[in-house]
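Here is the structure we will look at.
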Amino acid sequence: MTIDVTPQVRVNDFAIKLANVNGTGSASANGLIMQAIFRMGIPVSGKNLFPSNIQGLPTWYEIRVNAQGHTARATEYDLMVAMNGQTYRDDIEAVRSGGYVLYDSSWPLDADLARDDVTFLGAPYASMCLEAFAKPRERILMKNIAYAGSIVALLGIDLELVRGLLAETFSRNPALRDSNELALRLGYDYTTANVACPLPFRVAPMDATTDSILIDGNTATALGALWAGATVSGWYPITPATGVMDNFTKLCATYRRHTEPASEPGGEPTVVNDYAIIQAEDEIAAIGIVLGAGWSGARSFTSTSGPGISLMNELLGLAYYTEIPAVIVDVQRTGPSTGMPTRTQQADLMLCAYASHGDTRHILTFPANPAECFEFMVRSFDLAEHFQTPVMMLSDLDIGMNDWVVPAFTWDDNFVPDRGPVLSNEDLAQMKEFFRYSNPNADFVTARTVPGSAEKGAYFIRGSGHDKLGHYTEDPDKYLEVVDRLKRKHAAAAAHVPAPIIETRPGAEVGLITLGSCDLAVREAVDLLGQAGIAADYLRVRGFPFADAVADFVRAHPHTFVIEQNRDAQLRSMISIETGLPILSMRPILAYGGFPLSAEHVVTAVREELEN
Amino acid sequence: MPSIVKPLIPLAPLARNDLGLTIRDYEGAMSTLCAGCGHDSITAAITHALWELSTPPHMIAKLSGIGCSSKTPTYFVRGAHGFNSAHGRMAAIATGAAAANRELTYIGVSGDGDSLSIGLGHLAHAIRRAVKMVYIIENNGVYGLTKGQLSASADVGTRPKKGETNVVAPIDPILLGLSLGATFLARSFSGDKEQLIPILKAAVAHNGLALIDVISPCVTFNDHEGSTKSYRFMREHEVKEVVADFIPEREEISARLSGGGRRSVTMHDGSVITFRSVPEGYDPTDRMAVEAYVREHQSAGEVVTGLLYLDETKPSMHQVNHTPPSALNRLTFDTVCPGSAALAELMADFR
Ligand SMILES: Cc1ncc(C[n+]2csc(CCOP(=O)(O)OP(=O)(O)O)c2C)c(N)n1
Ligand code: SF4
Ligand SMILES: [Mg+2]
């Protein structure tokens, strides 16, 4: 690498990394920077690389700004905000040559940390805050806002805009607003007085985010569940999925709670919740609650991560075989076992696709970002009830817990949920007899009744062998009739799950297949490969079972790569299993260390493979 | 679990309940359990209790786990909605069903293996949550369906048909329930319909989880000398001092008047339970006293039966969660979807 001696000005195209100590309040300062850039209309991403710890361990936050919207994880940092003495050495090493390090100069830096190809910018945040604030906790917290003030100056972020954000956040607490404002000014003024601001890489206002929002996938998922009309949920806390139910609970309290006037004069008005959220004793109970409610005709769901899916396996098989709708959100984290609970992966694909003993297969949806979490959550409820089966939406930690810039969500008031074939008492009255697993429709789904329907619609659910009448059987032919229909029913879902996104370029011989949160990195890789003269087509799988287009795409490309975030190339295996295509007709590109995928990783892997 | 249809033998006109239904209307498929199995007697008692209560069959949801005991919901109320689920998971599924539809009568049937081993956690938490349901443990001290292994309810000293004498402490669902804050705890014996039917009827009226531990001998694997869950042991060691009558809400108010020494508890729906006889100093609403009484008899090698503990003052899961008076599953989509304007407004919070 050469040293960049004549810095060129780069506008809206850089990455910064902030190194902090977990639990010291840095998250709000880092989020403030990202939000300010977003409000300036510039595409931006923020990724929190945090430890499984409440306080004390190192934590990082990465912000990437890119006018073209290439906001996948960057691997080169122009500015390192080094606020954690424990990790100085690694952090300083991580800055690109020609980059900058911002550090707290209240304490001198060890001489052996020096690098002559980067510029060190010190500011005495601790000393300034010691002087400016009286309370010990405030002195720690305000250091974060103080360095944010420096960043505002260094990157050319609109100071008034940031002040406005602080005023919004602390509108109900003027004292706190004033402290934040003061801290912001301390950093801003110190840096403008001592450094030529802004730095060569900087922001300039755009209008690329006008109709966008800044939202994390877990919140978006909760919104999807609420708008889809979910009324019952069972859940058990687990990182990184907890945010789904935390948000669903908050949203329900806002949108689904009302007060009924007192039933008798002088009585108390009563609060009525049009929902039931049950924190279960474990994930087995959570899915049990969902199945009980789904059987009863309520839209119900649970959210969990890999360990929870493992526990749910037996009941997922029961739901598959007895045909009960259920929506399960898996916010994937690294495995196996407890793995790294605060790191991201896409390693539950096969676990979910074929969850439970015996011949089982499930419908899956794969959102790539919070906008799709919202959209696919609604779709997942429709799919679950249309096909009377569990549907799992596979999000991941990167999508679920990081804020993403996505188009604002909209809703069509003409939307009619697909509740699938459910017989009313009027329907039953027209029928001579009702048999639960008879008379399949075009999608191989048979009509159900819900408990409480007229006696004619009563039937007995059993996980043991049953025939198309719903009766117990050990007869091979009668058993086969039901399980073979289930296979056809699953296959029929291929036409109903979200269709793959396909983007082609003339003459491309390289095909990149991917899914979920790999999206941005792979799209950027397509551009970078194009710049290097390698035309590549792009296909993102968004549901399982796979559409025929997936197999066609593999066949159409002499060089097909399957890019995913797990060690064992699970998506590639699934494509091979489901389509019969030879597994070696697809080459895997894998990233599974726990951090989100970068375009560079993809480009390097494709180029190496093509050169071989 | 073959569902053999019962032959309908024409008999003298059968009595009809308030819905005009006969006991036949509350029966189910023919049992395939071993002849003499205690579970079949419990099925008969459930059939009777629901018929006497005139609960509309389609308003009953019957759920179970896995085991000989858990097969029995097929054998009663064929017009009810049934769910024979997975081993130990009935309580969780019933919790979700009850959450979605509070209008039904939930009858959960389980075994001592199903409830006290694999499903113990779900039972404990269903009790804590006060799910409104009847929870019956058909307790035979063994895993019948897997051929006679000792269960967690087997007493110390129990000799199984095969294998070693049990030395590990049993789990007693009544004592467990007392410690978990259960609000309705009863023990009975499958051979005693006279005691069991009123208990079942009171359990249906209870505003919360009504746990009934029914000693139900397994004639095939645990009815021998050395078992404390055999017909003979129960006949010799049962103590029936706590006797309660159940008077449904519809009946004459005069029946509620309780004489000297009696004690009545009015249920949530207006029905009344009258304790006709209780031992000296026994208060069925006093958790500590009940526990002491049960333990005392247990150490004397006796099994106390009856409606042992009752607390009608605690809120059920629905009251705690403030769910609407009608079923959640009947809310229309318009009611539960906030719509486009609300979403557009909310989007401003994410700028
Ligand atoms: C997950 C699982 N493990 C084991 C079994 C096998 N199994 C079936 S019934 C049963 C025990 C039933 O005992 P209990 O609940 O006491 O019922 P009983 O037959 O005595 O009435 C077991 C272990 C199963 N069905 N599922
Ligand atoms: S094995 Fe025991 S519990 Fe099972 S049906 Fe026979 S007698 Fe009843
Ligand atoms: Mg048993």
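The values are calculated or read from the model by the stated rules, or taken from the named source; none is laboratory data. Not measured: the values here are computed from a predicted model. Virtual Cβ from ideal backbone geometry, glycine too; neighbours counted across all protein chains shown. Heavy atoms of the whole protein, side chains included, go into the accessibility calculation; ligands, DNA and RNA do not. Shrake-Rupley method; radii C 1.70, N 1.55, O 1.52, S 1.80 Å.
Overview of values
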item: Pairwise label distance in nanometres, A:Ala67 with A:Ser464, each label 7 Å out on the Cα-Cβ vector; result: 7.1 nm
item: Compactness of segment A:215-407 as Cα Rg over 2.2 N^0.38 Å, two decimals; result: 1.03
item: Carbon/sulfur fraction of accessible area - segment A:501-611, other protein chains in place, 1.4 Å, %; result: 49 percent
item: Those residues of segment B:179-211 whose amide nitrogen sits under 15 Å from the label point placed on B:Arg276, 7 Å along Cα→Cβ; result: B:192-202
item: At R0 = 25 Å, FRET efficiency that the Cβ-Cβ distance of A:Thr75 and A:Ala204 yields, to 0.05; result: 0.55
item: Probe 1.4 Å, protein heavy atoms only - accessible area per residue of the protein assembly as shown in square angstrom; result: 39 Å²
item: Over segment A:1-89, equivalent-ellipsoid semi-axes from the Cα gyration tensor in Å; result: 24, 17, 10
item: Alpha-carbon Debye profile of segment B:44-90, log10 I(q)/I(0) at 0.19 Å⁻¹; result: -0.57
item: Relative contact order (%) - criterion: Cα under 8 Å, at least six apart; region: chain B; result: 15 percent
item: Pairwise label distance in nanometres, A:Ser127 with B:Leu14, each label 7 Å out on the Cα-Cβ vector; result: 9.4 nm
item: Contour excess over end-to-end distance, with Cα ends at A:Glu503 and A:Leu480 and 0.36 nm allotted per residue; result: 4.2 nm
item: Positive dipole terminus of segment A:412-499, leading residue within A:His471, A:Ala494, A:Leu428 (C-beta point charges); result: A:His471
item: Distance (nanometres) between label positions extended 7 Å along Cα→Cβ at B:Ala341 and A:Val272; result: 2.1 nm
item: Radius of gyration, Dmax [segment B:112-200; alpha carbons; angstrom]; result: 14.0, 40
item: Where Rh is the Kirkwood radius over Cα pairs, Rg/Rh for the protein assembly as shown; result: 1.04
item: Sequence-distant residues sharing a close amide H with B:Leu308 (under 5 Å, placed H); result: B:Leu185, B:Ala186, B:Arg187
item: Cα gyration tensor category, rounded, prolate or oblate, for segment A:425-495 with a/c compared to 1.5; result: oblate
item: Computed Kirkwood radius, in angstrom, where 1/r is averaged over Cα pairs of segment A:541-605; result: 12.5 Å
item: Size of the A/B contact, given as accessible area buried on both chains, probe 1.4 Å, in Å²; result: 5000 Å²
item: Nonlocal Lys pairs with alpha-carbon distance under 25 Å, chain A (8 or more apart, or different chains); result: 15
item: Within the accessible area of segment B:211-351 (1.4 Å probe), percent carbon and sulfur; result: 50 percent
item: Degrees, to the nearest 10: B:38-53 long Cα axis against longest axis of chain B; result: 50 degrees
item: Angle between chain B longest axis and helix B:193-205 axis [Cα atoms, degrees, rounded to 10]; result: 20 degrees
item: Shielding of A:405-413 by partner chains, average beta-carbon count, 10 Å; result: 4
item: Segment A:Cys197-A:Glu609, extension gain: residue separation times 0.36 nm, minus the distance between their alpha carbons; result: 144.0 nm
item: Cα gyration tensor category, rounded, prolate or oblate, for chain B with a/c compared to 1.5; result: rounded
item: Largest to smallest principal axis extent of the C-alpha atoms in segment A:97-146, angstrom; result: 39, 19, 13
item: Simple Cβ-charge dipole of chain B, Lys/Arg +1 and Asp/Glu -1, about Cα centre, in debye nearest 20; result: 720 debye
item: Rg and Dmax [Cα atoms of segment B:197-351; Å; Rg one decimal, Dmax integer]; result: 23.4, 75
item: Per-selection metrics, segment A:476-540 (Cα): Rg and Dmax in Å; result: 18.7, 59
item: Reach of B:Lys193 by Cα under 24 Å, taken over lysines that are not fewer than 8 positions away in the same chain; result: B:Lys6, B:Lys62, B:Lys71, B:Lys132, B:Lys201, B:Lys229, B:Lys240
item: Loop-located GluC sites (Glu not before Pro) in segment A:1-109 whose Cβ has at most 16 other Cβ within 10 Å (DSSP); result: A:Glu76
item: Nearest-0.05 FRET efficiency for B:Arg295 and B:Thr22, computed from C-beta distance (R0 35 Å); result: 0.20
item: For the protein assembly as shown, with +1 on Lys and Arg beta carbons and -1 on Asp and Glu, the positive-most of A:Leu590, B:Ile171, A:Val483 along the dipole; result: B:Ile171
item: Cα principal axis extents for segment A:10-202, largest first, Å; result: 41, 39, 38
item: Percent of beta bridges antiparallel (DSSP, chain A, rounded to nearest 5); result: 35 percent
item: Cβ-derived FRET efficiency at R0 41 Å, A:Asn53 paired with A:Asn414, nearest 0.05; result: 0.30
item: Principal-axis tilt of helix A:306-322 within chain A, Cα atoms, nearest 10 degrees; result: 20 degrees
item: Segment A:501-611 - Rg over Rh from alpha carbon coordinates, Kirkwood radius; result: 0.92
item: Exposure rule at most 16 other beta-carbon atoms within 10 Å, DSSP loop trypsin sites (Lys or Arg not before Pro): chain A longest free segment; result: A:173-418
item: Share antiparallel - DSSP beta bridges, segment A:10-202, percent rounded to 5; result: 50 percent
item: For q = 0.17, 0.22, 0.33 Å⁻¹, Debye-computed log10 I/I(0) when each Cα of segment A:177-227 counts as one equal scatterer; result: -0.84, -0.89, -1.12
